[in-house]
Amino acid sequence: MASVAVRVPRELSARVPVEQREPGRDRDGVRLLVSRGTEVSHHAFGELPGLLRAGDLLVVNTSPTLAAAVDGRIGHTRVVVHFSTRGDDGRWAVELREPDGRGTTRARAGEGGHGAPAPGPAAAGGPAGTRVRLPGGARLVLEEPLSARGERLWWARVSRAEVPGLLREYGRPIRYSYTERDQPLSVYQTVFALPSGDGAGSAEMPSAARPFTARLVAELVSRGVQFAPVTLHTGVASAESHEPPYPERFAVPEASARLINAARAGDGRVVAVGTTAVRAVESAAGADGVVRARAGWTGLVVTPERGVRVVEGLLTGLHEPEASHLLMLEAVAGRAAIDRGYEAAVRGRYLWHEFGDVHLLLP
């Protein structure tokens with residue numbers, strides 16, 4: 001169970017991107033908190049090139065963000081479907097949410113045989129056989145919970161439409177109530193995002209990379225910092241407190257594996273951009289710490305007990321105090337560093353969530 005002993009005031013939620021909060025600024029206009037062990041320093045994100053050194057390697061996630069929220073109806077009841085992850089058999093892992101006019105913040109309770117709330121979390125959003133009418137005449141049918149633990153995600157089939165086309169025509173980015181309004185999909189794409197031929201992508205933005213601009217990437221390259229692209233298609237991140245991440249599709253190409261291994265063999269540090277990049281790289285690492293090209297599904301949960309075999313540093317957003325992501329941060333930097341960093345972030349009025357400020361954890 002992961003948590004930090006700080007309370008994050010609601011006003012520290014970033015409600016819109018920095019370029020809308022402060023006209024004239026670009027994406028890289030956010031703040032950067034740097035933790036080296038328990039030593040904390042405060043910077044602008046544009047100072048990142050001076051905080052890294054020649055030979056360092058940034059591992060970046062190239063997954064594009066999908067317009068993964070689609071309105072639907074169950075009978076006369078409005079729901080929002082969050083398309084999380086595409087399965088190998090053509091099904092999609094989905095979550096049903098209740099619209100509330102401020103983003104889809106509430107998971108839909110399941111129903112029993114006579115419309116009564118279903119007992120226990122296993123039926124959240126269900127039951128099996130629930131049919132959802134989608135735009136354009138498409139139909140979605142819930143088949144079974146994603147896992148035996150039975151949280152909020154269900155495997156579902158969609159008929160009369162291909163999901164990638166459905167999302168392109170009728171979808172919008174997933175958002176939650178701490179944001180001010182819906183944003184165009186372009187706001188949620190990172191500079192590293194690459195379109196996938198099969199329409200796969202991330203239900204929610206790999207947001208640690210959002211502050212990067214082409215200009216900043218060019219400056220980093222000119223200073224001898226290298227980039228290793230990997231892919232991890234992120235599922236919905238609306239997890240309940242302490243809920244571990246779901247299995248996700250990932251790929252670490254051969255060229256990136258070679259770059260990572262070369263950096264570790266030399267003087268460079270392997271710094272992951274986002275927890276998604278950590279999960280991908282660590283899923284491709286053997287017990288010997290050597291990264292090999294791999295692709296498929298990963299259910300890896302990086303914890304302090306498991307530790308990290310490859311990643312030495314992490315650039316990440318600021319997570320909720322109860323988020324399971326904090327276990328990964330602790331595995332990279334240690335509990336004392338995370339506690340000290342989060343205390344400093346609250347005192348310094350840093351902004352949380354995908355449009356907020358970022359945190360660089362270095363050895």
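The values are calculated or read from the model by the stated rules, or taken from the named source; none is laboratory data. Computed from a predicted model, the values in this text were never measured in an experiment. Reconstructed Cβ throughout: ideal geometry from the backbone, glycine too, with neighbour counts over all protein chains shown. We work out accessible area using only protein heavy atoms, side chains counted, and drop any ligands, DNA or RNA first. Shrake-Rupley method; radii C 1.70, N 1.55, O 1.52, S 1.80 Å.
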Virtual spin-label span in nm between THR38 and SER222, 7 Å along Cα→Cβ: 4.0
Within the under-13-Å Cβ sphere about ALA54, not counting ALA54, Lys/Arg +1 and Asp/Glu -1 give a net charge of 0
Full extension between ASP339 and ALA255 adds, at 0.36 nm per residue less the Cα distance, a length in nm of 26.6 nm
State, to one decimal in nm, how far the label point of ARG10 lies from the label point of ASP198, with both points 7 Å from Cα in the Cβ direction. 4.2
Two-decimal ratio, region 1-80, of alpha-carbon radius of gyration to 2.2 N^0.38 Å: 1.65
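Given axes a ≥ b ≥ c from the Cα gyration tensor, I'd like to know whether region 188-312 is rounded (a/c under 1.5), prolate (a/b larger than b/c) or oblate.
Working: a/c = 1.56, a/b = 1.11, b/c = 1.41.
Verdict is oblate for region 188-312.
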Size of the chain as Cα extents on the principal axes (Å, biggest first): 62, 42, 38
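For the chain, what is the accessible area per residue in Å², given a 1.4 Å probe and the full set of protein chains? All intermediate terms of the calculation are to be shown ahead of the outcome.
Numbers: 15240 Å² over 363 residues.
Result: 42 Å² of accessible area for each residue.
For the chain, what is the percent of antiparallel DSSP beta bridges, rounded to the nearest 5? Walk me through the intermediate numbers first.
Details: 47 of 65 bridges.
Within the chain, antiparallel bridges account for around 70 percent of the total.
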How much length is gained on full extension from TYR176 to GLN20, taking 0.36 nm per residue of separation minus their Cα-Cα distance? 54.4 nm
Helix-only mean residue ellipticity at 222 nm for the chain, each DSSP H run of n ≥ 4 adding -39500 (n - 2.57), per residue, nearest 500: -5000 deg cm²/dmol
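Please give the net charge around ARG335, taking every other residue with its beta carbon less than 13 angstrom from that of ARG335, where Lys and Arg add +1 and Asp and Glu add -1.
-3
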I'd like the carbon and sulfur percentage of the solvent accessible area for region 1-46, probe radius 1.4 Å, heavy atoms only, ligands and nucleic acids excluded. 47
Quick check: the distance between the Cα centres of region 179-249 and region 35-51, to the nearest angstrom? 21
